[in-house]
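A short worksheet on the structure shown next.
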Amino acid sequence: MGNYFEPAIECADRETMRTLQAERLHDMVRRCYENVPFYRSLLDQNGIRPDDIRSVDDLHKLPFTTKKDFRDNYPYGLFAVPREELARVHASSGTTGKQTVVGYTSKDLDDWATDVARMIAAIGGKKSDFIHVSYGYGLFTGGLGLHYGGEKFGATVIPAATGNTERQIDILRDFGSNILACTPSYAMYIGESIRKMGIDPKTLPLRAGIFGGEPWTDGMREKIEELLDIKAYDIYGLSEIMGPGVSFECEAKNGLHVNEDHYIPEIIDPETGEVLPDGEQGELVFTCISKQALPLIRYRTRDVAAITHEKCSCGRTLVRMSKPCGRTDDMLIIRGVNVFPSQIESVLLDLKLGSSYQLVVDRVNNLDRLEVQVEMTDDMFSDAVKGLEAAEAKIAAALHHILGLSAKVRLMEPNSIARTEGKSKRVIDNRKL
Ligand code: DLL
């Protein structure tokens with residue numbers, strides 16, 4: 001497992017972990033108060049002194065931080081260290097408005113690389129492995145995050161970046177990549193392209209994949225595993241908190257272990273802000289307790305998940321979060337029904353359809369209309385039109401059963417929905433809500 005399986009942390013008992021977290025939390029709140037004017041006034045307004053926060057149980061006393069606070073303090077207003085201590089900045093493009101700019105000291109970068117290296121250990125990585133990184137390099141945290149994590153682990157990194165899929169496949173084959181790291185939608189695309197090029201994945205040395213950056217279902221996991229003949233693991237993270245590696249799957253594939261010595265997770269009711277118990281689904285909130293450049297107090301991620309403190313079969317006690325099933329802000333409300341794109345994806349995969357789909361929402365005569373555009377498989381395409389109508393009706397019935405909502409299903413020609421190398425865009429909402 002290299003040097004990055006750290007049982008003292010990853011298998012610590014709850015008391016030990018809470019003691020470590022309490023110390024770091026207290027120190028972090030003090031640093032925020034002293035160095036970030038935004039936090040000083042927020043804590044003052046809420047009548048909180050840093051010394052009031054002594055244990056993890058005090059967390060709920062603290063106010064939340066949101067994406068809006070980044071916008072209001074753009075670009076560097078939330079940083080807690082002077083410029084000369086910064087080693088790097090990244091940014092993520094929001095759906096609205098300005099980019100969110102995030103910063104790291106060299107210790108932060110080192111901690112981040114450790115987060116990722118722990119995952120590589122947890123999925124059975126070896127120092128002799130070649131890790132093929134096809135996340136975007138640049139301001140996006142995916143590329144450099146996996147890159148330095150792989151190097152820190154001691155593996156050999158192939159910084160393939162995105163683009164030119166045929167060349168990616170040449171590299172996979174000729175350089176002998178063992179682990180592929182990219183978004184799940186790009187992994188699907190690489191898998192489909194490998195098949196089209198007539199390459200048998202069993203002839204490649206590829207063994208595992210580290211996929212994240214966007215929601216994906218277990219159905220999609222099975223598809224990728226089959227297409228590429230590998231084991232596919234989930235990695236989660238967000239730039240505001242660090243980047244990829246905030247949490248990671250182990251070989252048990254039973255939830256993502258949060259690197260709790262750095263980030264304390266909570267699940268809240270997105271409406272009331274109330275903290276929810278283990279097992280209940282709600283909005284994920286993280287507090288970064290060891291970050292120097294950008295410590296965040298109770299950051300609302302908008303991601304929907306549940307957490308459990310039960311020990312994992314791998315022996316780790318690090319709290320686990322479920323695969324995020326969507327975001328509070330990409331949840332569509334169609335004719336009053338809450339719909340997550342991931343629910344639709346599950347239905348399509350159950351019906352053995354491809355995972356290339358797009359949802360188009362319109363409002364016609366004040367009524368919401370959902371159209372689910374699904375790419376046909378090559379076999380279906382060769383069928384007669386009558387068969388296609390029946391197939392559309394079958395999909396619509398299955399969607400109705402799961403969503404409680406009628407949707408128009410439109411089967412599309414194979415490869416007609418645009419493929420992405422980065423995060424896929426699943427929803428086109430034409431209602432100007
Ligand atoms: O996407 C960091 C990352 C890169 C994670 C590569 C994993 C792999 P952002 O661009 O700031 O950072 O986007 C963060 O992406 O709040 C989630 O909504 C979504 N997301 C990231 N990983 C997952 C995942 C990176 N495994 C936002 N499952 C997050 C579901 C994910 N959603």
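I'm trying to understand the selection: among the residues of region 204-215, which are in contact with a helix residue (DSSP H, G or I) (Cβ under 8 Å, 6 or more places away or on another chain) and either away from the ligand (no atom under 16 Å from the Cβ) or open to solvent by less than 10 Å² (accessible area, probe 1.4 Å) (or both)? Talk me through it step by step, then tell me what you get.
Taking region 204-215 first, the residues in contact with a helix residue (DSSP H, G or I) (Cβ under 8 Å, 6 or more places away or on another chain) are 204-206, 209-215.
The answer is Leu204, Pro205, Leu206, Gly209, Ile210, Phe211, Gly212.
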- Message: Which of the strands (runs of 3 or more DSSP E) found entirely inside region 196-289 contain at least 1 residues meeting this: among the aromatic types (Phe, Trp, Tyr) and assigned by TED's automatic domain parsing to the domain that holds Val29?
- Response: 208-212, 231-238, 243-248, 263-268, 282-288
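Look through region 323-336, keep the residues that are of a type outside the set (Val, Ile, Thr) and more than 10 Å from the ligand (Cβ to nearest atom), and return whichever of them is farthest from Gly237 (Cα to Cα). Step through it out loud before you land on a result.
Going residue by residue through region 323-336, those that are of a type outside the set (Val, Ile, Thr) are 323-327, 329-332, 335-336.
From the residues that got through so far, the ones that are more than 10 Å from the ligand (Cβ to nearest atom) too are 331-332, 335-336.
Values: Met331: 19, Leu332: 23, Arg335: 32, Gly336: 30 Å.
Only one residue tops the list, namely Arg335.
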- Item | Pair list, Cβ < 8 Å and 6+ apart or interchain, from region 98-124 residues that are under 13 Å from Asn259 (Cα atoms) to residues that are hydrophobic (A, V, I, L, M, F, W, C) and in a helix (DSSP H, G or I) | Val116/Leu146; Val116/Phe153; Ala117/Phe153
- Query: Only one of (1) surrounded by fewer than 20 Cβ atoms within 10 Å (Cβ to Cβ); (2) within 16 Å of the ligand (Cβ to nearest atom); (3) among the aliphatic types (A, V, I, L, M) is not met by Met220, so which one is it?
  - Reply: (1)
- Query: Cβ-Cβ below 8 Å, separation at least six or inter-chain, first residue in region 229-242 and more than 7 Å from the ligand (Cβ to nearest atom), second among the aromatic types (Phe, Trp, Tyr): which pairs?
  - Reply: Ala232/Phe211; Tyr233/Phe211; Tyr233/Phe248; Ile241/Tyr263; Ile241/Phe286; Ile241/Tyr299; Met242/Trp112; Met242/Tyr263
- Message: Restricting to region 393-427, name every residue that is among the hydrophobic types (A, V, I, L, M, F, W, C), open to solvent by less than 60 Å² (accessible area, probe 1.4 Å) and either modelled with pLDDT under 90 or within 26 Å of Ser134 (Cβ to Cβ) (or both).
- Response: Leu403, Leu405, Met412, Ile417, Val427
- Message: What's the total number of residues in region 92-111 that are open to solvent by 10 Å² or more (accessible area, probe 1.4 Å) and within 13 Å of the ligand (Cβ to nearest atom)?
- Response: 6
- Query: Just wondering, is there one or more residues in region 274-288 that are of a type in the set (A, V, I, L, M), under 22 Å from Ala91 (Cα atoms) and open to solvent by less than 20 Å² (accessible area, probe 1.4 Å)?
  - Reply: yes
- Message: I need the full set of residues from region 127-171 which are assigned to a loop (DSSP other than H, G, I, E, B), over 20 Å from the mean Cα position of the chain (by Cα) and surrounded by 23 or more Cβ atoms within 10 Å (Cβ to Cβ), in order please.
- Response: Asp129, Ala160
- Item | Residues of region 172-188 that turn out to be open to solvent by 70 Å² or more (accessible area, probe 1.4 Å) and either within 16 Å of the ligand (Cβ to nearest atom) or in contact (Cβ under 8 Å) with a residue 24 or more places away in the chain (or both), as a count | 2
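Might you let me know whether region 331-343 holds any residue that is at pLDDT 95 or above, open to solvent by 10 Å² or more (accessible area, probe 1.4 Å) and under 17 Å from the mean Cα position of the chain (by Cα)? Spell out how you get there, then give the answer.
The first filter runs over region 331-343 and keeps only residues at pLDDT 95 or above, leaving none.
No, every residue in region 331-343 fails to be at pLDDT 95 or above, open to solvent by 10 Å² or more (accessible area, probe 1.4 Å) and under 17 Å from the mean Cα position of the chain (by Cα).
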- Task: Select the strands (runs of 3 or more DSSP E) contained entirely in region 306-395, then report the ones holding at least 2 residues which are among the aliphatic types (A, V, I, L, M) and in contact (Cβ under 8 Å) with a residue 40 or more places away in the chain.
- Result: 332-334, 337-339, 357-364
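The values are calculated or read from the model by the stated rules, or taken from the named source; none is laboratory data. Computed from a predicted model, the values in this text were never measured in an experiment. Positions of Cβ are backbone-derived with ideal geometry, glycine not excepted, and every protein chain shown enters the neighbour counts. For the accessible areas, the whole protein counts, side chains as well, though only heavy atoms, and no ligand, DNA or RNA atoms are used. Shrake-Rupley method; radii C 1.70, N 1.55, O 1.52, S 1.80 Å.
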